[in-house]
């Protein structure tokens, strides 16, 4: 009897195992997904941030897109040059040089500089505040100050300073474009850190109104255009820099500005 | 009528997640989006029903027939593990996006205590074949209901102004507690 029990146990378990194993073997044959080994190799060198800066939904999708020839090897801005070279060597192609870019916030109208038109008690989110009356500040082009960009940053490269404005840590910034998309007022742009001169204002109101609402607004005086008329243009009472590959910015332009809306080599951490 | 009672009992009154506290890890882990939580609920339901059927067959035609009831756990685990493997293959083939969204929680269905609990309950309560199937479906529906309700609340919480120390896991566990409290309202409606 005792021996019988051993035999029964062994055979019933063995039979069950065999049955399910054969079922799985059969299923594997039917349902197997062939994966290009290159996709896995590329996935390993990617930063795995799944940020979507490359335009693909996450790193695995980007790896697949590269292998299928949809995306280019250097499109992962987060990984930068190093990752681009690694992917290029996996794919057996030559990588192009990647231009590093960082996020720049084009508003300096913090709590101290701007006028208040109301007190906002709603959800602390820029995208929502922008829809209900446009937040607290009287300038309708300004930073709302509810930190949607900071929340969107996955790399801890942004935070709000004491003046209620977002600050970018340019070394930590990976130019993933998340904050650019998060800002309902389109105040954030990606630019090469080599460019020294920027207009830190998006106010298109006439000078009189702009001056009233914010101390550091562009009042459309056109003084900055004179030293560099080729690259700086006036559009709707606002000085706009036409960025080109060779553009670096002239210091004179910033010196002329009466409100400091245009600044040269602004310290990124302030 | 009895079958109906078993179904209601398994899905609502004695909900596996909210009254027995079985299968809590996917309940908390995959409940941040309604879509993926519903899919996980479906996958779990599928495994539950198959396990219920297979465990009844194994129990009656192998374990009782050969008088080897001590192999109960091992054989049920074999069934569950192979079914999960099958579901994983199927999901990977049909929906890579869902496969990525479920991540580690898909293979973790293997060790989901709700499923082994279901198989053991069915044996313990001496259910017939039909009753076992209904019990499996009911448990699966109950699990899906719990996880989808949780995901719905958590999606709303994304926009809510939650005190900083409670963000993330803190508020999730508090909400789970409230849900369990709500389901206590059904307690005693049907026994076992």
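The values are calculated or read from the model by the stated rules, or taken from the named source; none is laboratory data. This structure is a prediction, so every number in the text was calculated from the model and none was measured. We place every Cβ from the backbone using ideal geometry, glycine too, and count neighbours over all the protein chains shown.
Values as computed for the structure displayed
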item: Matching helices (runs of 4 or more DSSP H) fully within the stretch B:90-192 where at least 2 residues are at pLDDT 90 or above and under 28 Å from residue B:75 (Cα atoms); result: B:113-124, B:129-157
item: Residue within the stretch B:32-43 that is over 30 Å from residue A:14 (Cβ atoms), assigned to a loop (DSSP other than H, G, I, E, B), away from every other protein chain (no Cβ under 13 Å) and at pLDDT below 90 present; result: yes
item: From A:212, A:178, residue being touching a residue at least 40 places away in the same chain (Cβ under 8 Å), out of contact with any strand residue (DSSP E or B) (no Cβ under 7 Å at 6 or more places or on another chain) and surrounded by 16 or more Cβ atoms within 10 Å (Cβ to Cβ); result: A:178
item: Residue A:127 vs. criteria more than 19 Å from the chain's Cα centre (by Cα) and surrounded by fewer than 19 Cβ atoms within 10 Å (Cβ to Cβ); result: no
item: First in the stretch A:1-12 and at the interface with another protein chain (Cβ under 10 Å from one of its Cβ atoms) and closer than 7 Å to residue B:68 by Cβ, second anywhere and surrounded by 13 or more Cβ atoms within 10 Å (Cβ to Cβ) and modelled with pLDDT of 85 or more, Cβ under 7 Å, 6 or more apart; result: A:9/B:71; A:12/B:62; A:12/B:71
item: Residue list for the stretch A:50-66, filter: on the phi > 0 side of the Ramachandran plot and either at pLDDT 85 or above or more than 9 Å from chain B (Cβ to nearest Cβ) (or both); result: A:50, A:52, A:55
item: Residue in the stretch A:13-30 that is away from chain B (no Cβ under 11 Å), surrounded by 12 or more Cβ atoms within 10 Å (Cβ to Cβ) and part of a helix (DSSP H, G or I) present; result: no
item: Every residue from the stretch A:158-172 that is surrounded by 19 or more Cβ atoms within 10 Å (Cβ to Cβ) and out of contact with any strand residue (DSSP E or B) (no Cβ under 6 Å at 6 or more places or on another chain); result: A:164, A:165
item: Residue in the stretch A:71-80 that is over 30 Å from residue A:196 (Cβ atoms) and out of contact with any strand residue (DSSP E or B) (no Cβ under 9 Å at 6 or more places or on another chain) present; result: yes
item: Failed item in (1) assigned to a loop (DSSP other than H, G, I, E, B); (2) at pLDDT 80 or above; (3) within 14 Å of chain B (Cβ to nearest Cβ), with residue A:47 passing the rest; result: (3)
item: Residue B:150 being farther than 30 Å from residue A:30 by Cα and within 11 Å of chain A (Cβ to nearest Cβ); result: no
item: Output for the stretch B:78-104, where each listed residue is more than 10 Å from chain A (Cβ to nearest Cβ) and surrounded by fewer than 16 Cβ atoms within 10 Å (Cβ to Cβ); result: B:95, B:103, B:104
item: Hits in the stretch B:47-71 - residues which are more than 17 Å from residue B:129 (Cα to Cα) and either assigned to a helix (DSSP H, G or I) or under 18 Å from the mean Cα position of the chain (by Cα) (or both); result: B:69, B:70, B:71
item: Residue in the stretch B:116-126 that is surrounded by fewer than 19 Cβ atoms within 10 Å (Cβ to Cβ), free of Cβ contacts under 8 Å to residues at least 40 places away in the same chain and within 8 Å of chain A (Cβ to nearest Cβ) present; result: no
item: Complete set of residues in the stretch A:152-164 that are part of a loop (DSSP other than H, G, I, E, B), within 22 Å of residue A:114 (Cβ to Cβ) and touching a residue at least 24 places away in the same chain (Cβ under 8 Å); result: A:161, A:163, A:164
item: Filtered residue count, the stretch A:92-124, keeping only those that are surrounded by 17 or more Cβ atoms within 10 Å (Cβ to Cβ), modelled with pLDDT under 85 and out of contact with any strand residue (DSSP E or B) (no Cβ under 9 Å at 6 or more places or on another chain); result: 2
